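This report concerns only the one structure given below.
The values are calculated or read from the model by the stated rules, or taken from the named source; none is laboratory data. Fair warning: this is a prediction, and the values are worked out from it, not measured in the lab. Heads up: the accessible areas ignore ligands, DNA and RNA and are worked out on the full protein's heavy atoms, side chains in. Shrake-Rupley method; radii C 1.70, N 1.55, O 1.52, S 1.80 Å.
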Amino acid sequence: MLVVIIAVLVGLLSGFAAGVVAALLHAAALVAAQFAGSTFIAVTLLVLKIRDQLR
């Protein structure tokens, strides 16, 4: 359970960072939100996949 929470937090942090980078590059708000959301999903799923492989 703790690993799932950590995976979500890592995904949120990387999604936030991706959104900030997109905003700094003067992307449209919708594009920045889409970029942050897709990064959040990808990183969260990657961390959970790594957890499954280590079991």
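Summary table below
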read-out	value
Cα-based convex hull, the chain, per residue volume (Å³, whole number)	55
Over the chain: helical MRE at 222 nm, DSSP H runs n ≥ 4 each giving -39500 (n - 2.57), nearest 500	-31500 deg cm²/dmol
Protein accessible area in segment 1-42, 1.4 Å probe - carbon and sulfur %	87
Candidates Leu25, Leu13, Leu45: whichever shows maximal mean-square fluctuation once the chain is modelled as a Gaussian network with Cα springs under 10 Å	Leu25
Nearest 10 degrees, 0 to 90: helix 29-54 Cα axis against the chain principal axis	10
Residue-normalised accessible area of the chain, given per residue in Å² at a 1.4 Å probe	75
